[in-house]
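First the structure, in the form of structure tokens, and then the observations on it.
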Amino acid sequence: MNQKEKDWVIRIQMMALQSDRPEIDDYYYQNFIERRLREGRLASGSSKPQRLITPTKPNLENRKYVPVQFSNSLGKLTTSSVYNPRQIIDIIQSSNQDEDQTTSEGPDTRQALSKRLVVYKTIEKAYEIIVLMEELQTQIEMCPPNASARQSFGNNLDSKTRMMLEVLDMHDDKQFDLHDDPIFQVMKIRKGKKLIARCLHFLPQTHAITVVQSIFSHLAILIKRDAKDGVLHELYSPISDVLTSLNSSTFLQLSSLLSTFAITAAVKDQVGVSIVCKLLYEGSLLFDSGQAVGIEHWQKFVSDVSDIMVAVANPKEGSRHARPTTPSPLLENFPYQVFEVLSRHPTEKHTSEKIKSSVQQLISSTSFEAQ
């Protein structure tokens, strides 16, 4: 404690000595003095102890403290003293704000704040459940295959999964709705994206597909927000697991959710380009045999991706968008066949060699190894 802090404490203690209510403000010292008087241990000649000489306490009863305020400032900036300690900064409304505008915007602002608080509460409830789910998963993995406790843990895990679906508003009879998407509301928040990444592999396949639908529908927005959050890469692995388990019709449904704008944003981003590469690779396994239903839609998707990658890798002269330096996809030892997928489907605008060279400019080939 430095000298300034010591002086501060001493002055506060001296104020207690000059209190008008010593039996309350200086309770312990007054009781100590009374006990000494009863025991006769104080000096004789006076029934009361000598009062200490302290600074005169100013009369503050008629004084109204008004903190210093500055226009257009965040809060109340004050100077502190013994009698008026510094107040915690609290946000106040600007005095020159239009009252009519405040009245008109108030309900909308309160409604938006209320919705955001609901999302925060949803995330907190879901985190309480996901911690229990992960503990149960660990206990299941530690149990012998035929142990009775394993089945008990499994039933408990199924119960927690249903609770998670209820908290996230993902009911069995509810279809994906772009305009009423609770998953996207959760993923607007950094902590919500981490939550979805942790719980995605626990969800049944139909609900996991619904989550991926939400991600693909808002991929461009999520990529833009992730520039500050930096957690979208944690979703790549669970998304890849979902894509690997899809049939051809569901795969086409998911790929159709990626608009031209979303693909353009994706190929400029590490996570986005990794998802696009995973889509191309898994799609080639499903459709390149020529027997799957919907191969025409698949070929159109590949052609669209080819045109976008060529446009991004070779910007026109005078374009405001410089060529991006996209990092390599996240998945280590990504199959080299992903380069061949686009070159096998030349478009009317670009040849196979042009497409392949553009892809190689966007994605470093050193991170890809043939299996």
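The values are calculated or read from the model by the stated rules, or taken from the named source; none is laboratory data. Since the model is a prediction, treat every value here as computed from it, not as a measurement. Virtual Cβ from ideal backbone geometry, glycine too; neighbours counted across all protein chains shown.
Remarks
- All positions within segment 230-250 that are over 26 Å from GLN299 (Cβ atoms) and either free of Cβ contacts under 8 Å to residues at least 12 places away in the same chain or touching a Leu at 6+ places or on another chain (Cβ under 9 Å) (or both): GLY230, LEU232, HIS233, LEU235, SER237, PRO238
- Failed condition for ALA227, given (1) among the hydrophobic types (A, V, I, L, M, F, W, C); (2) farther than 20 Å from ILE275 by Cβ; (3) surrounded by fewer than 19 Cβ atoms within 10 Å (Cβ to Cβ): (2)
- Matching residues, segment 179-229, being part of a loop (DSSP other than H, G, I, E, B) and closer than 15 Å to ALA266 by Cα: HIS218
- Pairs, first surrounded by fewer than 24 Cβ atoms within 10 Å (Cβ to Cβ) and charged (D, E, K, R) in segment 256-275, second modelled with pLDDT under 85 and not in a loop (DSSP other than H, G, I, E, B), C-beta under 9 Å, six or more apart: LYS268/VAL312; LYS268/LEU362
- Boolean, ASP241 is at pLDDT 90 or above and acidic (Asp, Glu): yes
- Test: residue in segment 200-214 that is buried (at least 20 other Cβ atoms within 10 Å of the Cβ) and either charged (D, E, K, R) or modelled with pLDDT under 90 (or both): no
- Some residue of segment 188-196 being touching a Pro at 6+ places or on another chain (Cβ under 9 Å), hydrophobic (A, V, I, L, M, F, W, C) and at pLDDT 85 or above: yes
- Lone unmet requirement of (1) under 14 Å from LEU203 (Cα atoms); (2) crowded, with 16+ Cβ neighbours inside 10 Å; (3) of a type outside the set (D, E, K, R) for HIS171: (2)
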